[in-house]
1. Please go through segment B:391-439 and pick out each residue that is of a type outside the set (A, V, I, L, M), surrounded by 16 or more Cβ atoms within 10 Å (Cβ to Cβ), more than 9 Å from chain A (Cβ to nearest Cβ) and under 28 Å from A:GLY38 (Cα atoms).
2. Yes or no: A:GLY50 at positive phi and within 14 Å of another protein chain (Cβ to nearest Cβ)?
3. Inside segment A:1-18, can you point out the residues that are under 14 Å from A:GLN39 (Cα atoms), without any contact (Cβ under 8 Å) to a residue 60 or more places away in the chain and either open to solvent by less than 20 Å² (accessible area, probe 1.4 Å) or assigned to a loop (DSSP other than H, G, I, E, B) (or both)?
4. Residues B:GLU135, B:GLU124, B:GLU119: which one is buried (at least 16 other Cβ atoms within 10 Å of the Cβ), within 15 Å of B:SER2 (Cβ to Cβ) and not aliphatic (A, V, I, L, M)?
5. Taking the stated definitions as given, is A:LEU219 in contact (Cβ under 8 Å) with a residue 12 or more places away in the chain and either part of a helix (DSSP H, G or I) or in the same structural domain as A:CYS11 (by TED's automatic domain parsing) (or both)?
6. Quick one: which of B:GLN164, B:GLN95 is open to solvent by 30 Å² or more (accessible area, probe 1.4 Å), modelled with pLDDT under 95 and not in a loop (DSSP other than H, G, I, E, B)?
7. With A:VAL156, A:VAL234, A:VAL184, A:VAL228 as the choices, which residue is β-branched (Val, Ile, Thr) and without any contact (Cβ under 8 Å) to a residue 24 or more places away in the chain?
Amino acid sequence: MRVSLFITCLCDTLTPDVGKDTVQLLERFGCEVDFPQGQTCCGQPAYNSGYVKESKQAMKQMIRAFEDSEYVVGPSGSCVHMLKEYPKVLHDEPEWKERAEALVHKTYELSQFLVDVLDVKDVGSTFQGKATYHPSCHMTRLLGVKDAPRILLENVKGLEIIDLPLKEDCCGFGGTFAVKNAAVSEQMVHEKAEHISETKAEYLIGGDMGCLMNMGGRLRRNDEDVKVLHIAQVLNSQ
Amino acid sequence: MSIKIGKKTYAERIQAGIDNAFMRQAVSSAQGRFRSGRLKAAEDLGDWEEWRTRGEEIRSHTMENLDYYLHQLSEQVEKRGGTVYFAKTAEEANQYVQKIAREKEAKKVVKSKSMVTEEIGLNEALEESGCEVVESDLGEWILQLDEDPPSHIVTPALHKNKEQIRETFAEKKGYTGSDQPEALAAFAREQLRQDFLSADIGVTGCNFAVAESGAVTLVTNEGNARMVTSLPDTHISVMGMERIVPTWEELEVVVSLLTRAAVGQKLTSYITALTGTRLESEVDGPEDFHLVIVDNGRSKILGTEFQSALHCIRCAACINACPVYRHVGGHSYGSIYPGPIGAVLTPLLDGYEDHKDLPYASTLCAACTEACPVKIPLHEHLIRHREIIVERENMGSKAEGVMMKGYAKWASTSAAYKLSTKMAHTALKPWTEDDYISNGPGPLKGWTDSRDFPAPARQSFRSWYKQREKRRNDG
């Protein structure tokens, strides 16, 4: 099975290790992973800020980059959801809309791909420690991936998952919201960081780098000793 | 009052909200109660998603055929002795009610809770024409005494606690009792009873009008609406033109959705349906009934991509689920309609000029869309508003516009993108310490004021991947 990695611009630049773990994880399950070098950013920063014209340029670049892919898998619920929105955004350009639909049909978020396509529930990884999991908003509410991360994490040997209070609440990231509405974002991430601390977990696990970067940045600022991990890093841990 | 409240800027309102520790505590605990109540009430039904779908179908069908149902409603109301007035604007609606008050030589008007009368500023209009106006919903009464706008569409005085209410009662009404809720409610009841008995006109809103029978239904927990509609000789009901259902069958569905989604109740204490004026054989009810149907910008929404905003049944589930609302409170929105539905509806009814910040007061987490009992895609409407603000209204900031043009070039040219992933680490090095940035430059500052930012990696993923490929091919 040929899988093209959709790395996301955040992982590409800030946390390449997440990408490396994703590649290794997929290869462990027999996927032949490639990385189309034409890929850039999914367009979400512009789209969600109202710059739809600008976002379309990014979207078209992504459609071109993954045109020959069999499957497209990304380690982010939010960015994968953005890809799924392409046909709607490009509705008035029939040719692009059709190409966007082809991309939608072959694109998956990492945990979704493992559980729904590869039919894996136990990746056979071992990770010692107590962790709490933040189900990010776009992954759960918009992409509809609610169970896959939980199923995979429950089967990691040595890992104890502690329930995060008010886990469904947004961490306050919201892309440009974190900067535009910095004061509100600060209150939201502060509350989230407090809930994380309450669990006394050693690790915070999530499936979206944007949210993790936000929560991790606040935890670090608060001098909290909680390590932040992307789910790919935990699932690829031996 | 009108839709817009206060004169402060968005940033000032937000900061005032954040600094109000008491209000935030009250809002946060109320949100917790409402949310768990809603989830439990939804679970009790067993098939909540099917109910939501039915609710969406009913609202959508009604909006598609709004002209037909409004016509039917007005025929039915008139058949039963009522008078219907279609008001294009807030002014027209107010003038009509003022005219009736003059004709009746009314001195006192008693009201039950109504958001649309807040929207059109009816109280002020009536006061200007010499009427005393008394709100009889407990929350609204407290706010009226305090001259404070509502901060929530279902529980308008959510931001106040019992000590503050006791102070208000003491200062404005000479109350000397304790701050026990029972004592405060008993005092309010005793005071309001006099107003019910002496009022010349009762004004209510309308949760839903039933087109097939010309009935106005009111959903309350305090019973005050029954006093307002049965004691004064004249009853005026003011409704937004979208607050209508075809028949009793649809009413049952939307009222169930409303009470469960709003406060987690199966039904409220009182659901009142009023049909026509007092008949000769009847002992109570008004001699004269007027239904004022208010457009005030709603018909402009019909037929647009925002039409589903008119599906709203004013349950506030989106407000109760919103994490932004929790931290800033209702007054921060600068509109009598706060929270996600307020951020969608306010610019549609009152224009972008005063409300262009509202669509950005959301992380687009979609908790609102998920909570909505009639499936309004609230977060998508917010994105569409942002597009209009930027592309049609030209109200985006210049700096952001330039940045986004740069973004488009960057994200549509893989060479430029690649180069930036290569340069990012070096470019941000001067601000980096222990692989983190704590005091970032430019737009990063907004981020690093409250949290650290991870420094770009020394080697990007794509460069690592390329090396790996090369090694594999060479090997």
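The values are calculated or read from the model by the stated rules, or taken from the named source; none is laboratory data. All of these numbers come straight from a predicted model, not from anything done at the bench. Cβ atoms come from the backbone with ideal geometry, glycine included; neighbour counts cover every protein chain shown. Remember, those area values only see protein heavy atoms, side chains included, never the ligands or the DNA or RNA. Shrake-Rupley method; radii C 1.70, N 1.55, O 1.52, S 1.80 Å.
1. B:LYS422
2. Details: at positive phi: yes; within 14 Å of another protein chain (Cβ to nearest Cβ): yes.
Answer is yes for this residue.
3. Hit for segment A:1-18 is A:ASP12, nothing else.
4. Details: B:GLU135 fails: within 15 Å of B:SER2 (Cβ to Cβ); B:GLU124 fails: buried (at least 16 other Cβ atoms within 10 Å of the Cβ).
None of the other options fit; the residue is B:GLU119.
5. On the way: in contact (Cβ under 8 Å) with a residue 12 or more places away in the chain: yes; either part of a helix (DSSP H, G or I) or in the same structural domain as A:CYS11 (by TED's automatic domain parsing) (or both): yes.
Yes: the conditions hold for A:LEU219.
6. On the way: B:GLN95 fails: modelled with pLDDT under 95.
So the residue among B:GLN164, B:GLN95 that is open to solvent by 30 Å² or more (accessible area, probe 1.4 Å), modelled with pLDDT under 95 and not in a loop (DSSP other than H, G, I, E, B) is B:GLN164.
7. Answer to the check: A:VAL184.
A quick yes/no check of all residues on (1) outside the structural domain of A:GLY19 (by TED's automatic domain parsing); (2) within 19 Å of the chain's Cα centre (by Cα); (3) in contact (Cβ under 8 Å) with a residue 24 or more places away in the chain:
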position	(1), (2), (3)
A:GLN57	no, no, no
A:PHE66	no, yes, yes
A:VAL72	no, yes, yes
A:CYS79	no, yes, yes
A:GLN112	no, yes, yes
A:SER125	yes, no, yes
A:LYS130	yes, no, yes
